[in-house]
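For reference, the structure discussed in these notes is given below.
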């Protein structure tokens with residue numbers, strides 16, 4: 001069965017002047033509410049209270065068995081080639097990025113319920129099967145990251161490149177798609193073709209709101225040592241090129257990790273670092289939004305080792321682990337960047353051969369979810385029947 005569907009992109013309505021005036025207060029209230037919610041985790045929540053979804057490979061919710069057979073026989077479904085790398089929680093569902101690193105990935109954006117009806121966790125293509133069609137530029141090609149903003153808009157980064165770990169093919173231009181999770185409707189498509197180039201390696205997306213109510217997205221371009229900034233409200237963007245010394249000791253521009261931190265004064269800051277870099281950096285987002293980033297980047301300090309940044313608590317704290325290690329650490333950006341302020345929050349050894357891929361809040365349970373998968377085995381092609389996944393609680 002071949003699905004054909006035409007996406008209709010709706011422009012986000014510009015915020016009214018009254019909303020502009022109140023947005024800062026509402027965002028500050030949101031941040032305080034979320035921070036207080038998560039700070040009570042230790043006293044009010046036990047991991048045994050929550051459902052822990054687990055699944056192996058691509059356990060999809062198929063429309064029918066015939067559809068599954070058509071995908072499989074056509075080479076469009078290989079459960080060994082499916083891995084979830086990033087996620088976001090909204091109510092009782094985790095929304096997952098399933099990059100098309102290899103062939104045989106029928107859906108690149110899906111959700112999984114934390115309370116499955118039959119007790120078996122299955123992936124449901126989101127928003128629907130029709131938007132997963134490879135080669136259709138009105139659909140999703142390869143979702144590499146997802147980000148949930150304070151207004152329950154899911155921002156989806158689609159690189160437009162499939163089979164990137166086998167024989168890379170650019171099927172479409174890169175884009176960011178915004179989906180309202182309350183309605184399941186697409187509300188915006190941002191084309192990145194004018195900001196990216198042929199060597200761009202887009203990896204992460206973050207959505208942010210300015211003090212005047214404007215919506216911005218930041219996309220890291222590791223290959224070009226840049227952060228792409230797009231003003232969604234006004235419809236224009238630019239590339240912020242980072243200083244050449246950002247790599248500091250790195251052999252190459254590998255993975256450019258960013259996290260958005262929300263500070264007590266209702267401002268935001270972007271903390272970022274290359275995987276191979278020996279330093280951690282940050283910049284107030286107001287400078288990114290104004291396009292005046294020169295000289296505004298702060299060197300936060302030396303990293304004790306190679307860090308894999310895996311998430312944030314939607315407040316001032318970020319989570320990370322060290323290369324080849326399972327332990328998860330928390331650092332509050334309100335403190336200095338040094339080992340004394342790195343708090344171990346999980347041993348990470350309860351996932352078997354899996355490693356933490358992403359850590360993100362789950363406000364339904366007043367806790368943090370850990371998306372874990374055996375990524376090293378996936379890269380080596382030794383996953384057996386499929387990649388083992390879990391959505392445990394920290």
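The values are calculated or read from the model by the stated rules, or taken from the named source; none is laboratory data. What you see is a predicted model; the values in this text were computed from it and never measured. Methodologically, a virtual Cβ is constructed for each residue, glycine included, from the backbone with ideal geometry; neighbour enumeration extends over all protein chains shown.
Key figures
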| item | result |
| --- | --- |
| Residue selected from the range 365-381 under the condition farther than 23 Å from residue 329 by Cα and either surrounded by 21 or more Cβ atoms within 10 Å (Cβ to Cβ) or in contact (Cβ under 8 Å) with a residue 40 or more places away in the chain (or both), by the criterion farthest from the chain's Cα centre (by Cα) | 381 |
| Test result for residue 302, touching a helix residue (DSSP H, G or I) at 6+ places or on another chain (Cβ under 8 Å), over 20 Å from residue 222 (Cβ atoms) and surrounded by fewer than 22 Cβ atoms within 10 Å (Cβ to Cβ) | no |
| Residue check for residue 100: modelled with pLDDT of 95 or more, surrounded by 23 or more Cβ atoms within 10 Å (Cβ to Cβ) and farther than 17 Å from residue 60 by Cα | no |
| Selected residue [closer than 17 Å to residue 148 by Cα and in a loop (DSSP other than H, G, I, E, B)] from 183, 220 | 183 |
| Qualifying residues in the range 257-272 (those that are more than 16 Å from the chain's Cα centre (by Cα) and not in a loop (DSSP other than H, G, I, E, B)) - the one nearest to residue 243 (Cα to Cα) | 269 |
| Number of the exception - residue 201 against (1) modelled with pLDDT under 95; (2) surrounded by fewer than 20 Cβ atoms within 10 Å (Cβ to Cβ) | (1) |
| Residue 332 touching a residue at least 60 places away in the same chain (Cβ under 8 Å) and either in contact with a strand residue (DSSP E or B) (Cβ under 6 Å, 6 or more places away or on another chain) or buried (at least 21 other Cβ atoms within 10 Å of the Cβ) (or both) | no |
| Single residue of the range 77-94 satisfying the filter (assigned to a loop (DSSP other than H, G, I, E, B) and touching a strand residue (DSSP E or B) at 6+ places or on another chain (Cβ under 7 Å)) that is surrounded by the fewest Cβ atoms within 10 Å (Cβ to Cβ) | 92 |
| Residues that are surrounded by fewer than 17 Cβ atoms within 10 Å (Cβ to Cβ), assigned to a helix (DSSP H, G or I) and at pLDDT 90 or above, drawn from the range 31-73 | 65, 66, 67, 68, 69, 70, 72, 73 |
| In the range 132-144, the residues that are crowded, with 17+ Cβ neighbours inside 10 Å and farther than 26 Å from residue 258 by Cβ | 132, 133, 134, 136, 139 |
| Residue within the range 278-297 that is surrounded by fewer than 20 Cβ atoms within 10 Å (Cβ to Cβ), under 22 Å from the mean Cα position of the chain (by Cα), at pLDDT below 95 and in a loop (DSSP other than H, G, I, E, B) present | no |
| Cross-chain or 6+ apart pairs with Cβ under 6 Å, the range 69-93 first and under 14 Å from residue 59 (Cβ atoms), then outside any loop (DSSP other than H, G, I, E, B) | 77/71; 83/373; 83/378; 84/96; 84/389 |
| Residue check, residue 206 over 18 Å from residue 110 (Cβ atoms) and modelled with pLDDT of 95 or more | yes |
| Unmet requirement for residue 110, which otherwise passes all of (1) in a loop (DSSP other than H, G, I, E, B); (2) under 17 Å from the mean Cα position of the chain (by Cα) | (1) |
